[in-house]
Amino acid sequence: FGMMTKESGGKVHSTSRAGASGPLQFMPATAKRFGIGMGDGYDMRFDPQFAARANGEYMNERFSELNKSLEMAIAGYNGGEGRARRIYNQYGGDFWQERVYKEWPAETRDYVPAVLAAAWLYLHPEDYGLTLPKLDYTPASFALQRASSINELTICLGNPYNQFGWFGVLRNLNPHYEPAQFIAQGTVLRAPKKLVESYQANCLGGARSD
């Protein structure tokens with residue numbers, strides 16, 4: 001979560017001018033190495049579950065070659081794994097040691113403490129007077145009973161729980177569909193549990209559906 005905060009702010013379809021994409025901003029070559037290239041016609045880097053797993057695999061790979069140095073592994077994610085190996089082999093794994101710290105570009109020097117701070121706040125919110133929203137993480141899904149698009153579903157589902165509506169949520173959970181793309185009847189979409197009942201009530205008939 002700390003890395004995602006810095007990489008994309010949780011925006012699943014985030015892209016950079018350098019070509020990095022997804023919530024954890026994988027470059028194409030690195031993504032392909034960890035099995036999240038193009039799949040079934042869409043870029044798997046945009047899928048949060050695949051990106052998160054690839055991120056975990058990437059960090060484990062860095063831990064194994066950097067003697068489990070968390071800071072150096074995070075630095076390698078931002079500043080390059082080749083640079084991380086070179087610095088580690090030359091100076092060791094203490095990121096905060098001055099000669100190690102100065103080997104990294106300014107962006108990485110800022111990136112590492114920012115990631116650690118975000119992760120720490122997420123793990124210990126009560127120590128800092130933070131109140132995190134209570135969210136229902138129960139996985140759920142529903143099968144489209146007629147062809148529809150994410151744009152149409154956003155309209156019929158309304159926004160009783162979210163002032164911005166459900167567009168971003170549906171797009172993030174089903175990243176391989178474009179907003180205006182018609183999705184075939186019978187397709188199973190991921191959704192928060194509360195939306196399953198709302199879909200049955202509001203998207204198969206009635207004023208919103210019309």
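The values are calculated or read from the model by the stated rules, or taken from the named source; none is laboratory data. Small disclaimer: the values here were computed from a predicted structure and weren't measured. With ideal geometry, Cβ positions are generated from the backbone for all residues, glycine too; neighbour counts draw on all protein chains shown. These accessible areas exclude ligands, DNA and RNA; they are computed on the full protein's heavy atoms, side chains included. Shrake-Rupley method; radii C 1.70, N 1.55, O 1.52, S 1.80 Å.
Some points to look at:
- Single residue of segment 139-175 satisfying the filter (assigned to a loop (DSSP other than H, G, I, E, B) and open to solvent by 60 Å² or more (accessible area, probe 1.4 Å)) that is modelled with the lowest pLDDT: 161
- Of all residues in segment 54-63, none are farther than 20 Å from residue 20 by Cβ and basic (Lys, Arg).
- In segment 35-63, residue least open to solvent (accessible area, probe 1.4 Å) [restricted to those that are of a type in the set (Asp, Glu) and closer than 22 Å to residue 178 by Cβ]: 47
- For first residues located in segment 184-210 and more than 19 Å from residue 135 (Cβ to Cβ), partners that are open to solvent by less than 90 Å² (accessible area, probe 1.4 Å) and at pLDDT below 85 and lie 6+ apart or on another chain with Cβ distances below 9 Å form the pairs 202/209; 203/209.
- Residue that is nearest to residue 179 (Cα to Cα) [pool: residues in segment 1-34 that are part of a loop (DSSP other than H, G, I, E, B) and open to solvent by 50 Å² or more (accessible area, probe 1.4 Å)]: 13
- Residue count for segment 182-206, restricted to those that are modelled with pLDDT of 90 or more, within 22 Å of the chain's Cα centre (by Cα) and open to solvent by 60 Å² or more (accessible area, probe 1.4 Å): 2.
- Restricting attention to segment 78-112, the residues that are small (Gly, Ala, Ser) and either in a helix (DSSP H, G or I) or exposed (fewer than 14 other Cβ atoms within 10 Å of the Cβ) (or both) add up to 4.
Quick grid of which residues meet (1) at pLDDT 95 or above; (2) in contact with a helix residue (DSSP H, G or I) (Cβ under 7 Å, 6 or more places away or on another chain); (3) within 21 Å of residue 118 (Cα to Cα); (4) not aromatic (Phe, Trp, Tyr):
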residue	(1), (2), (3), (4)
27	no, no, no, yes
34	no, yes, no, no
43	no, no, no, yes
72	yes, yes, yes, yes
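- Scanning segment 74-112 for residues that are within 28 Å of the chain's Cα centre (by Cα) and at positive phi returns a single hit, 80.
- Taken over segment 15-45, the residue count meeting the criterion of being within 12 Å of residue 175 (Cα to Cα) and aromatic (Phe, Trp, Tyr) is 1.
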